[in-house]
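Any read-out appearing in this document is the output of simple, stated calculations on the displayed coordinates, not a laboratory observation. Because the structure is a prediction, the values reported are computed rather than measured. Positions of Cβ are backbone-derived with ideal geometry, glycine not excepted, and every protein chain shown enters the neighbour counts.
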Amino acid sequence: MSSRLRIAILGSTGSIGRQALDVASRFPELIEVVALAAGRNAAALGQQASHFNVKHVAIAEPALEAGLASALPDAEVTSGAGAVVELATLPEVDLVLNALVGAAGLRASVATLKTRKRLALANKESLVVGGELVMALATYPNAIIPVDSEHSAIFQCLLGEPAESVSRIWLTASGGPFRGRDRASLASVTVAEALAHPRWTMGPKITIDSSTLMNKGLEAIEARHLFGVGYDTIKIVVHPQSCIHSMVEFADGSVKAHLGATDMRIPIQYALSHPDRWGAPVPPVDFATLGTLDFEEPDYDAFPALTLALEAGRIAGTMPTAMNAANEVAVAAFLSGETGFMDIPRTVEAVMGAHDLQALESIEQVEAVDEWARAKARETL
Ligand SMILES: NC(=O)c1ccc[n+]([C@@H]2O[C@H](COP(=O)([O-])OP(=O)(O)OC[C@H]3O[C@@H](n4cnc5c(N)ncnc54)[C@H](OP(=O)(O)O)[C@@H]3O)[C@@H](O)[C@H]2O)c1
C-alpha cells in the first residue's frame with residue numbers, strides 16, 4: 001500500500017487545480033495524484049494526466065471522451081457530470097480537492113464526505129448552495145479543510161481554541177479592482193477592468209465575484225457553515241494589501257491574525273499537509289519592508305452584491321441557492337459581453353425577490369431551485 005497521500009483533483013485545469021499540481025510536483029515523495037477531472041479542456045487534462053501518470057481521468061463534456069481516451073491508453077477515461085463525481089468515491093483516493101467552479105461542485109463535495117475522505121474545499125459554492133447538507137456529512141475529524149485563503153486562515157487561527165471562546169471572525173477583503181469607486185461610475189466598467197484584480201490571479205468567475213464583492217458575501221456564507229458561527233459574529237473588513245488573510249477575536253479580547261504571502265499554493269498545500277507543514281513555495285513576508293497595512297469598511301452602497309449575498313445567507317433555506325445561480329448566470333453574461341457590470345446585482349436582486357423560499361432538504365431540491373433561478377435570471381437579463 002502506498003504511504004503517500006493519494007489525491008483526486010476535480011477541476012485540475014483551472015487556477016486552483018494547476019496550482020495544486022504544482023504543489024504535487026514539489027512533493028512527489030508525499031503526494032500521489034491518482035485521479036483528475038476537468039470540464040472541457042481535454043488537451044490540458046491529457047497533458048496533466050500523462051505527466052503525473054494518472055490512472056483515473058474524467059471529463060465533463062462527453063464528446064471529448066474518445067479523443068482523451070486515445071491520448072491516454074494507460075488510464076481509465078470516463079465522461080459526464082456523474083463520472084466527475086465518481087472519482088471522489090474511488091477507494092484508492094484519500095483526499096479530494098474540489099476545485100470545480102460553481103454550484104456544479106456540490107455533488108462532488110457530498111460524495112467525498114459520504115465516502116469519509118478528506119475534502120480539501122476550494123469550491124465555496126458547495127457550502128453556499130447546500131451548506132446544511134454538506135456540513136451534516138462532515139462528522140469525522142478533519143473532514144473538510146478549507147482552501148479559500150481566508151477560511152484556511154480562520155481554520156488555522158481556531159486550532160486549539162474552544163469554539164465558545166470565539167467572539168468575532170474578521171473576514172478580510174482586498175476590495176477588488178474597483179475599491180474607492182462610487183456606484184454610478186461602476187455602470188460603465190469593462191470586462192477587462194473587472195478581470196484586473198490587484199492582488200490575486202484567479203479563474204474568471206471568482207475574479208468577477210471579487211470585483212462586485214459578491215465573493216466576500218459567498219465567503220461569509222462559507223464561514224458561517226464551516227465554523228458554525230452566526231452572521232453577527234462575522235465582520236467583513238477591507239484590507240487592500242491582502243497580507244492578513246483573516247483574523248479571529250476571542251472572548252478575552254485577544255485577536256489572532258493569519259498573515260502570509262498572497263500565493264494560493266500556501267493554503268492549497270496546507271489543506272494537503274494538515275496537521276503537518278511542508279516547505280514554502282515562495283519567500284515569506286518580510287515585515288521589515290512590508291510597510292503599512294490599511295483597513296476600512298466595505299462600501300455596501302457601491303457594491304450591492306455583497307449586501308444581497310449576506311441577506312440571502314441570513315434568510316437561509318433555498319435563498320442562497322437562488323442567489324448563487326442568478327449570480328453565476330449574470331457573471332457569465334457579463335464575461336461574454338452581453339450585459340453591464342451593474343446588471344449582475346440587478347439580476348441577483350430580481351431573482352431573490354421572485355424566489356419562493358423553501359426549507360433546505362435535499363440535493364435534488366437544490367438542483368431544482370438552481371435550475372429555476374438560472375431560467376429566471378436569463379429572463380431578467
Ligand atoms: N482561483 C483562486 O485563486 C481561488 C481562490 C479561492 C477560492 N477559489 C474557488 O475555487 C474554485 C475554482 O476556482 P478557479 O479560479 O480555479 O476556477 P477556474 O480557473 O475557472 O477552474 C475551474 C475548473 O473547473 C472545471 N470545471 C468547470 N465546470 C466543470 C464541470 N461542470 N464539470 C467538471 N469540471 C468543471 C474547469 O475545467 P475546464 O477548464 O477544463 O473546462 C476547471 O478545471 C471556485 O469555487 C473558486 O471560488 C479559487
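Listing for the model above:
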{"item": "Charge-dipole axis of the chain as Lys and Arg at +1 and Asp and Glu at -1 on Cβ define it, positive-most pick from I145, T212, A330", "result": "I145"}
{"item": "The stretch 152-315: Rg to Rh, with Rh as the Kirkwood radius over Cα pairs", "result": "0.96"}
{"item": "Positive minus negative residues near V229 (Lys, Arg vs Asp, Glu; Cβ under 12 Å)", "result": "-1"}
{"item": "R0 of 25 Å, Cβ-Cβ distance S362-A251: FRET efficiency to nearest 0.05", "result": "0.10"}
{"item": "Within-12-Å neighbourhood charge of A81 [Cβ basis; K, R +1; D, E -1]", "result": "-2"}
{"item": "Computed P(r) (all Cα pairs; the stretch 309-355; 10 Å bins; percent)", "result": "31, 50, 17, 1"}
{"item": "Principal axes of the stretch 5-147: Cα extent on each, largest first, Å", "result": "41, 34, 26"}
{"item": "Residue (of V285, G39, A359) at the positive-pole extreme of the chain, dipole from beta-carbon charges", "result": "V285"}
{"item": "Label point 7 Å beyond Cα of R168 along Cβ direction - residues of the stretch 208-242 with amide nitrogen under 13 Å", "result": "232-238"}
{"item": "Å³ per residue enclosed by the Cα convex hull of the stretch 103-236", "result": "119 Å³"}
{"item": "Rough spin-label spacing in nm, given labels placed 7 Å along Cα→Cβ, for L195 and L293", "result": "3.3 nm"}
{"item": "Eligible aspartates and glutamates near K216 by straight Cα distance, threshold 16 Å, same-chain separation 8 or greater", "result": "E125, D148, E150, D232, E296, E297, D299, D301, E311, E328"}
{"item": "Distribution of pairwise C-alpha distances over the stretch 319-381, 10 Å bins, in %", "result": "26, 52, 18, 3"}
{"item": "Residues with amide H under 5 Å from that of T339, placed H, sequence gap 5 or more", "result": "F334"}
{"item": "For the stretch 36-72 and the stretch 295-351, distance of Cα centres in Å", "result": "33 Å"}
{"item": "HN-Hα J in Hz across the stretch 11-26 - Karplus 6.51, -1.76, 1.60, θ = phi - 60°, x for Gly and Pro", "result": "x, 5, 8, x, 4, 5, x, 5, 5, 5, 5, 5, 4, 4, 6, 7"}
{"item": "Whole-Hz ³J(HN,Hα) from phi, Karplus 6.51 cos²θ - 1.76 cosθ + 1.60, for the stretch 127-144, glycine and proline x", "result": "7, 5, 8, x, x, 5, 5, 5, 5, 5, 8, 8, 9, 10, x, 6, 4, 10"}
{"item": "Charge dipole magnitude, Cβ of K and R +1, D and E -1 - the chain, Cα centre, debye nearest 20", "result": "560 debye"}
{"item": "Tail fraction, Cα-Cα pairs, the chain, threshold 27 Å, whole percent", "result": "48 percent"}
{"item": "Separation in nanometres of the label points that stand 7 Å from Cα toward Cβ, at V285 and R314", "result": "3.1 nm"}
{"item": "Lys, Arg +1 and Asp, Glu -1 on Cβ, resulting dipole of the stretch 152-315 about Cα centre, debye, nearest 20", "result": "320 debye"}
{"item": "³J(HN,Hα), Karplus 6.51/-1.76/1.60, whole Hz, each residue of the stretch 35-41, x for Gly, Pro", "result": "8, 9, 9, 8, x, 10, 7"}
